[in-house]
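Colleague: Just dropping this structure here.
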């Protein structure tokens, strides 16, 4: 059955922790905290991810005004093998933990699952957390940065950042609907072209949503993709076609928003679990809270490959999860 999941919950609070490059970008003043060394006091990039997650989680809890022991579940994931950034990051919280792997779609997936659970009374409050780090992602999926390999023009820069969201009643941004994505694979095998791998899944989810909503998008201010970047965004617009100008005119992409492409040399833009998480937490949610934006959909895009499947020459599967967000009435 293909249907939109109607929801009735809110994002009570959100927080973001980022690195130096992200702080130097166009949204730099929006983030809660940053670290000039991309380390957060840790001896490894992987441990830094865990530290960023804890920092974002602690800030989000403080902003929410609720007690840590009132949060009944954490939905968390990252890009590292077996989601170690998340499992080590959530050590110390006496809160049940659900590990996720949605790649760069993890923020949308986590918010979706937390919203379903709070809408239906399984939990009163839940959290969604995720992170990524440029150096840990390069080491796992491509080559360590010390190797000094040349980056392809279609390559994206994995965001060093973590986002945390507290979901439940009483917030200023409503989570009103969700549309889970379907795994798609279109023959892209290049780990340096995630945008091309993810764009077909994004196009399908967006068109499914529009059809299920009766074919109209007049009430949407933005259709925000997670991190297709410049390459993937261009492909998405081609896939949607000229007859869907009503959608294309509303398209935005977190990977295109977080960096200054001309000044920061990020090639095709930003990517990583942290990309949509920190842009949503620090930039989009405040615009919904202030009613500058009334209604948006976030389409979290993720490339679901592993280092092993890349080595074996497999195509890259992709997913696109959609959540519908509105300002409180």
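The values are calculated or read from the model by the stated rules, or taken from the named source; none is laboratory data. Owing to the predicted nature of the structure, the values given are computational and were not obtained by experimental measurement. Cβ: placed from backbone, ideal geometry, glycine included. Neighbour counts: every protein chain shown.
Colleague: Read through the list (1) surrounded by fewer than 19 Cβ atoms within 10 Å (Cβ to Cβ); (2) under 28 Å from residue 128 (Cα atoms); (3) out of contact with any helix residue (DSSP H, G or I) (no Cβ under 7 Å at 6 or more places or on another chain); (4) not assigned by TED's automatic domain parsing to the domain that holds residue 232, then give the number of the only condition that residue 140 fails.
Modeller: (3)
Colleague: State yes or no: is residue 76 at negative phi and more than 18 Å from the chain's Cα centre (by Cα)?
Modeller: Spelling it out, it is not the case that residue 76 is at negative phi and more than 18 Å from the chain's Cα centre (by Cα).
Colleague: Could you tell me whether any residue of the range 26-36 is at positive phi and not assigned by TED's automatic domain parsing to the domain that holds residue 263?
Modeller: The answer is no, given that none of the residues of the range 26-36 is at positive phi and not assigned by TED's automatic domain parsing to the domain that holds residue 263.
Colleague: Say we look at the range 236-264 and pick out the residues that are crowded, with 23+ Cβ neighbours inside 10 Å and touching a residue at least 40 places away in the same chain (Cβ under 8 Å); which of these is nearest to residue 110 (Cα to Cα)?
Modeller: Per the stated criteria, the residue is 255.
Colleague: Here's a follow-up. If a residue has to be crowded, with 16+ Cβ neighbours inside 10 Å and either part of a helix (DSSP H, G or I) or free of Cβ contacts under 8 Å to residues at least 24 places away in the same chain (or both) to count, how many in the range 71-94 make the cut?
Modeller: 7
Colleague: Among 283, 259, which is outside the structural domain of residue 129 (by TED's automatic domain parsing), touching a helix residue (DSSP H, G or I) at 6+ places or on another chain (Cβ under 9 Å), in a loop (DSSP other than H, G, I, E, B) and closer than 23 Å to residue 28 by Cα?
Modeller: 259
Colleague: Out of the range 31-55, which residues are crowded, with 19+ Cβ neighbours inside 10 Å, touching a helix residue (DSSP H, G or I) at 6+ places or on another chain (Cβ under 8 Å) and farther than 24 Å from residue 145 by Cα?
Modeller: Result: 31, 32, 54.
Colleague: Determine if the range 95-107 includes at least one residue that is free of Cβ contacts under 8 Å to residues at least 40 places away in the same chain and either in a helix (DSSP H, G or I) or outside the structural domain of residue 36 (by TED's automatic domain parsing) (or both).
Modeller: Applying the first criterion (free of Cβ contacts under 8 Å to residues at least 40 places away in the same chain) to the range 95-107 yields 95-100.
Still in the running and either in a helix (DSSP H, G or I) or outside the structural domain of residue 36 (by TED's automatic domain parsing) (or both): none.
Looking through the range 95-107, none of the residues is free of Cβ contacts under 8 Å to residues at least 40 places away in the same chain and either in a helix (DSSP H, G or I) or outside the structural domain of residue 36 (by TED's automatic domain parsing) (or both).
Colleague: Looking at 170, 187, 161, can you tell me which residue is in contact (Cβ under 8 Å) with a residue 12 or more places away in the chain and in contact with a helix residue (DSSP H, G or I) (Cβ under 7 Å, 6 or more places away or on another chain)?
Modeller: 161
Colleague: Sticking with this structure for a sec: Report, by residue number, each residue of the range 125-170 that is at pLDDT 95 or above, more than 17 Å from residue 113 (Cα to Cα) and not in a strand (DSSP E or B).
Modeller: 133, 159, 160, 170
Colleague: Out of (1) touching a strand residue (DSSP E or B) at 6+ places or on another chain (Cβ under 7 Å); (2) more than 16 Å from residue 164 (Cα to Cα); (3) buried (at least 18 other Cβ atoms within 10 Å of the Cβ); (4) touching a residue at least 60 places away in the same chain (Cβ under 8 Å), what's the single condition that is false for residue 21?
Modeller: So residue 21 meets the others, but not (1).
Colleague: Considering (1) out of contact with any strand residue (DSSP E or B) (no Cβ under 9 Å at 6 or more places or on another chain); (2) farther than 19 Å from residue 274 by Cβ; (3) in contact (Cβ under 8 Å) with a residue 12 or more places away in the chain, say which one residue 215 fails and leave the rest.
Modeller: Going through the list (1) out of contact with any strand residue (DSSP E or B) (no Cβ under 9 Å at 6 or more places or on another chain); (2) farther than 19 Å from residue 274 by Cβ; (3) in contact (Cβ under 8 Å) with a residue 12 or more places away in the chain, residue 215 breaks only (3).
Colleague: Right, here's the next one. When you go through (1) in contact with a helix residue (DSSP H, G or I) (Cβ under 6 Å, 6 or more places away or on another chain); (2) in a loop (DSSP other than H, G, I, E, B) one by one for residue 182, which number turns out not to apply?
Modeller: The one condition residue 182 does not meet is (1).
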